[in-house]
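Only one structure is covered here, and it is reproduced in the block below.
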2 protein chains.
Amino acid sequence: MPSYTAPTKDLNFVLNDVLRVADSPIEGYSDLDQDTFSAILDEAAKIAENVTAPLNKVGDEEGCVLENGVVRTPKGFKEAFATVAEGGWMGLDMPEEYGGQGMPYVVQTAVGEMLSSANMAFNMYQGLAHGAMSAIVAHGTEQQKQTYLPPMIAGQWGGTMNLTEPHCGTDLGLMRTKAEPQEDGTYKISGQKIWISAGEHDMVDNIVHLVLAKIPGGPEGVKGISLFIVPKFLVNEDGSLGERNALSCGGLESKMGIHGNATCVMNYDGATGYLIGDLHKGMRAMFTMMNEARIGVGLQGYAQGEVAYQNALAFARDRLQGRDVTGTKNPEGPADPIIVHPDVRRNLMDQKSFVEGARALTLWGAMLNDQAHRSQDDDAEALISLLTPVIKGFLTDKGFETTVQAQQTLGGSGFTQEWGLEQFVRDARITMIYEGTNGVQSLDLVGRKLGLNGGKTLMGFFEMVKTFIKENEDNAELKEGFLDPLKAASKDLQTAGMYFVAEGMKNPNNALSGSYDFMHLFGQVCLGLMWAKMGKASLAALAEGASDTEFYQSKLVTGRYYMARQLPATKMHLARIQSGAAPVMDLAAEAF
Amino acid sequence: MPSYTAPTKDLNFVLNDVLRVADSPIEGYSDLDQDTFSAILDEAAKIAENVTAPLNKVGDEEGCVLENGVVRTPKGFKEAFATVAEGGWMGLDMPEEYGGQGMPYVVQTAVGEMLSSANMAFNMYQGLAHGAMSAIVAHGTEQQKQTYLPPMIAGQWGGTMNLTEPHCGTDLGLMRTKAEPQEDGTYKISGQKIWISAGEHDMVDNIVHLVLAKIPGGPEGVKGISLFIVPKFLVNEDGSLGERNALSCGGLESKMGIHGNATCVMNYDGATGYLIGDLHKGMRAMFTMMNEARIGVGLQGYAQGEVAYQNALAFARDRLQGRDVTGTKNPEGPADPIIVHPDVRRNLMDQKSFVEGARALTLWGAMLNDQAHRSQDDDAEALISLLTPVIKGFLTDKGFETTVQAQQTLGGSGFTQEWGLEQFVRDARITMIYEGTNGVQSLDLVGRKLGLNGGKTLMGFFEMVKTFIKENEDNAELKEGFLDPLKAASKDLQTAGMYFVAEGMKNPNNALSGSYDFMHLFGQVCLGLMWAKMGKASLAALAEGASDTEFYQSKLVTGRYYMARQLPATKMHLARIQSGAAPVMDLAAEAF
């Protein structure tokens, strides 16, 4: 069975040494001194390691079962959910006035990585409730907040997001679910939603569904969509549960992974719903939560990579096969541990250098998100909007790839269910798909985000990279190993951006054909920047005489690996982008 | 449920237009005129499409069950196995004197692709029997051939290969299974073998296990390994089945994929075995079959890519979401089919251009294998030895990636078991692991094959590419779209090879740290060469006034895509290789 050890040391390094959260002027950050943050992470680590990680395999094997309209979650899930709720983890970043802890999103993110690595399927129940809570916080009336938030934050009620229908996934304009206005101001919701994670389960007393639907006679397409609160049980004025609403789980999907999470077909048969936010502005309401949700999925991608890597590393240190070609390392044993072999190391270093870079990028993204929302900083809002599709798309593609590489480290054992690596692969796979496929992320990046504020946000990103390089170029060690490769990669990204501007004007397909490569190119530059920042922090710590020299030296070696062995991908992406639309578009659809 | 249509047209194109098999002087090839080959492929296509493909999903869902020492295969497998056997497909390339069809290996390969795409788990029963038969053909005595081959070729008996033990996979020198000589010239085999595909099942009357074991007192390590025939039932002199041998299936692995194939723990408890081949030369005997077996696995990799691509394409033509940004394509419908979107096409073109290139490379490899064995051509033997790790490693990595990309085309549906794409991903995953992990392939390539014949084989490959380019450079259309990119890619490969020679001398880890990238770089050049050859053949067919212009035009567009969008990977691989050993080796094992 696989094991999981929460990487609290590395989380602390990113938060304190690299991002220096406590020094940030963002509201609420000054409370996050090193000791406080450390204490929170240590408590969350205990939950992840001891409560939810041990349920990861059983969740995969048992899965969820639908019986008489009720979904039974795997053995142990209910008790674990109660433990997580009692610890106050459900509302870590929710407002204190409704029972939350009022912590910044960056804390939620750091804790979320651990819970997601430990048991992704389990943590999604909380994740979906969190999404629903965020919607209510952002768009609900005071009464809606008072009605729904306290029991959700206490973990007594769950929550979901309902977007997809059988004939409409990406293209929500095709939506058919109807919301018919009633005289009492409520709506009758009718339609079928699919792929609703945590749509029905036995761990909570009530489930608060947030449902996108169209009011008859409203505008066509996405402009006629509104958002509704549709609880499983209606809520009495005193907050107690009333009658059962006209909605039900019509089936569970059999899927490749995340078996422990119930993916439901939800049928709404004239269910009572309450408008949340403005009429016909449901898409906008959904979009305000999109950055958070997508950063959360990016996090899931690398979090599966992290736990997979941990198990691959343990195997590589333990498994004895062959001898180090440069000299035996384990003369008493029948063979050397496979970690001596260059190609095994190449594989492990790929995993390690990606995961650590991804962690830094995600926490930085969370910090920008806080800056945008807590300090009402429009530039931060624009920057995180630009980075969100990169975080979602690049980190899930690479996170999945990391689980596959970790599985490879184990050879044949990696293919067996016994060792558990194959579950990480199957679970990670969904992150490339849901919350907008990665192809859709690339379209969002190139089609929408590059032009944000007339391109100024993108220019600001380049300027930031340039400034960082300039300010640190006199550090020779940083320059050679980190800044020079970063400069080259950033230049490739700018060249690609200019290609889009010049050629996309002539034909939009010249830009769209390169969108996926651009997303990856951007991701490489982001991780290059993170590694340069981590390199700088490590050199500084060593210069200041930090006691844990091995930790900082390892960071430098790992960072140099990333720069030397991963960043060269930017040239490939640029070449693909510059080949333009013709290779992609020339084949007639019927000639495939 | 997914569907499968055998790509007989494309197989015919590669065999006739590109490789021109009937014109080859290889023994037996002159019989392979276009009509004969076409007829064979059409018959095999019927089996694949109608008999085995419909059992692919049921095999995955039911899996194999071990009860009282007997493995029950999924419903329908036994009947399908009988149908395949009756059609004479078991011994397609086996000697006619033992009941085979005596066809070249290239025929077996073309047919194998279809059967593997249709149902990989099912086809492995035949594949393993084929491996055992090949060993007996190559190393058995006349008596052994007469005893075992006819019933195996008839499909009445199966066969397996037994190498791995719990503590020894790649490093077979650690092997513990013992073979104790008996007075009657037989051996008593004792030990445990694991991951034995098709080790026990209910579709045949007897199973002929080929088992590697050590005779006590023999040389240490791999030099003391011999190969034995160990049948499940001993065979009487008249060929009838005698007593049950002392071997049994001790368990089945629960695995990520290929559920329809029984992966067995095999226990040998003093089982009667018969030496095959020379004493202590078991490894050599095994290696003579290695090229074939590894080409066969490379084939499995792209064959899963092929069937996955077919289903992704069908979905992309059918699914309506969004509108073509350059103008609506389906004005009567609520949206356009997603194949209009550039990034969906980019994904499909990746899949298509890889699979078609992989098919050509594999069939060329099979042809070289025939040339080596049927015409005793040492240069062909050396060349296919060089190419084998590339075919195995590159085509399975990319084949798996192709199944993942195809799954992505379907969005959320790709993650559900209902649509079946996720099974292709899970099944394809094993191809990167078994028959030597792809890391081991890259080690074989760089550590052994580059130096073959003092490097002359590698130089011969470069010379061949160069000659092809030179001979066709006056064809302007071929030059720009195909030959120029191929030339650049081939130059990258040569530069990498020279780096290995120069820096590997100083430190072998400089070469070994880049072995995986070198394997991929080599694979890209091979597929580039194949596409250049396919481009040439297509231009020639069009110039000759071929009636099916659309087919040849599609080939040219697809080939140009490969050259423009895939070959740029060579620069990335070269840069990684040239970063040398330091980034990979600098981190102490305990500092990970």
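The values are calculated or read from the model by the stated rules, or taken from the named source; none is laboratory data. From a predicted model like this one, the values you see are computed outputs, not experimental measurements. Cβ placement follows ideal geometry from the backbone for every residue including glycine, while neighbour counts extend to all protein chains displayed. Quick note on the areas: whole protein, heavy atoms, side chains included, nothing else; ligands and nucleic acids left out. Shrake-Rupley method; radii C 1.70, N 1.55, O 1.52, S 1.80 Å.
Observations on the structure shown:
- Chain B, helix-only ellipticity at 222 nm - DSSP H runs n ≥ 4, -39,500 (n - 2.57), divided by all residues, nearest 500: -16500 deg cm²/dmol
- Contact order, relative form, for chain B: 12 percent (alpha carbon pairs under 8 Å, 6 or more residues apart, mean separation divided by residue count).
- Within segment A:382-482, the proportion of C-alpha pairs whose separation exceeds 24 Å stands at 49%.
- Prolate/oblate/rounded call for segment B:50-181, Cα gyration tensor, a/c under 1.5 rounded: oblate
- Between 0 and 90°, nearest 10: helix A:569-578 axis offset from chain A longest Cα axis: 60 degrees
- Scattering profile of segment A:279-393 at q = 0.10, 0.12, 0.14, 0.17 Å⁻¹ [log10 I(q)/I(0), Debye over alpha-carbon scatterers]: -0.48, -0.59, -0.68, -0.83
- Other residues within the sphere of radius under 15 Å centred on the Cβ of B:GLY250, judged by their own Cβ, net out at -4 (K and R +1, D and E -1).
- Position A:ASN50, label points 7 Å along Cα→Cβ, spacing to each other copy in nm (shortest first, one decimal): 6.5
- Longest to shortest principal axis, alpha-carbon extents of segment B:109-249, angstrom: 46, 38, 27
- Vicinal HN-Hα couplings computed from phi for segment B:111-116 (Karplus, 6.51 cos²θ - 1.76 cosθ + 1.60; Hz; Gly/Pro x): 5, x, 4, 5, 5, 6
- Label distances, nm, A:LEU320 versus same residue in remaining copies, Cβ-directed 7 Å point: 6.6
- What separates the Cα centres of segment A:178-247 and segment B:566-585 is a distance of 54 Å.
- Protection proxy ranking, peptides A:489-496, B:346-353, B:1-8, average beta carbon neighbours within 10 Å, highest first: B:346-353, A:489-496, B:1-8
- Crossing angle, helix B:120-139 versus chain B [Cα axis fit, 0-90 degrees, rounded to tens]: 60 degrees
- Long-range HN-HN contacts of A:THR328 with modeled amide H, under 5 Å: none
- Per-residue mean of foreign Cβ neighbours for A:325-336 is 2 (Cβ atoms of other chains, 10 Å radius).
- Gyration tensor verdict on segment B:220-326 (Cα atoms; rounded if a/c is under 1.5, prolate if a/b is larger than b/c, oblate otherwise): prolate
- Beyond 12 Å, the tail of the calculated P(r) for segment A:386-434 holds 60 percent of the Cα pairs.
- Mean per-residue shielding of peptide B:570-577 is 5, counting Cβ atoms of other chains within 10 Å of each Cβ.
- Minimum Cβ-to-axis distance in chain A for the rotation onto chain B, with residue, whole Å: A:MET572, 2
- Inter-chain Cβ neighbour average for residues A:509-519, partner chain, 10 Å: 4
- When both segment B:296-340 and segment B:419-486 are represented by their alpha-carbon centers, they are found 28 Å apart.
- In the structure shown, the pairs A:LYS255/B:LYS57; A:LYS9/A:LYS329; B:LYS392/B:LYS449; A:LYS456/A:LYS487; A:LYS9/A:LYS466; A:LYS352/A:LYS466 are assessed against 22 Å; a Cα-Cα span above that value is assigned to A:LYS9/A:LYS329; A:LYS9/A:LYS466; A:LYS352/A:LYS466.
- Percent of Cα pairs exceeding the 14 Å cut-off, where the set is segment B:337-378: 63 percent
- Across segment A:253-372, the relative contact order, built from alpha-carbon pairs under 8 Å that are at least six residues apart, equals 22 percent.
- Computed 3J(HN,Hα) for segment A:174-188, one whole-Hz value per residue from the Karplus formula 6.51 cos²θ - 1.76 cosθ + 1.60 where θ = phi - 60°, is 7, 4, 10, 4, 9, 10, 9, x, 10, 5, 7, x, 8, 10, 9, glycine and proline marked x.
- For chain B, the longest principal axis of the alpha carbon atoms and the long axis of helix B:77-86 meet at an angle near 90°.
- Treating each Cα of the protein assembly as shown as one equal point scatterer and applying the Debye formula with no solvent, the log10 of I(q)/I(0) at q = 0.04, 0.07 Å⁻¹ comes out as -0.21, -0.67.
- Bridgeable aspartates and glutamates around B:LYS470 (alpha carbons under 16 Å apart, same-chain partners fewer than 8 residues away excluded): B:GLU480, B:ASP484.
- Put simply, the amide H of A:SER375, placed in the peptide plane, has neighbours under 5 Å in A:GLU27, leaving out anything fewer than 5 places away on its chain.
- With the label put 7 angstrom out from Cα along the Cα-to-Cβ vector, B:GLU332 ends up 8.0 nm from the copy partners, going from closest to farthest.
- Sorting the segments B:419-430, B:390-401, A:256-267, B:368-379 by their mean number of nearby beta carbons within 10 angstrom, highest to lowest, gives B:390-401, B:419-430, A:256-267, B:368-379.
- Relative pair counts by distance (%), Cα atoms of segment A:439-584, 10 Å bins: 12, 38, 29, 16, 6, 1
- Both radii were evaluated on the Cα set of chain B; the Rg over Rh quotient, with Rh as the Kirkwood radius, amounts to 0.97.
- With every protein chain in place, chain B: carbon and sulfur % of accessible area (1.4 Å): 50 percent
- The peptide list B:311-318, B:519-526, A:455-462, A:567-574, put in order of mean Cβ contacts within 10 Å with the highest first, becomes B:519-526, A:567-574, B:311-318, A:455-462.
- Within chain B, percent of DSSP bridges classed antiparallel, to nearest 5: 85 percent
- Close amide H pairs (under 5 Å, H built 1.01 Å from N) link B:GLY159 with B:ALA129, B:VAL208, residues at least 5 positions away or on another chain.
- The mean sequence distance of close C-alpha pairs (under 8 Å, at least 6 residues apart), as a share of the length of segment B:439-584, puts its relative contact order at 33 percent.
- Along principal axes, Cα extents of segment A:1-81, largest first, whole Å: 53, 30, 17
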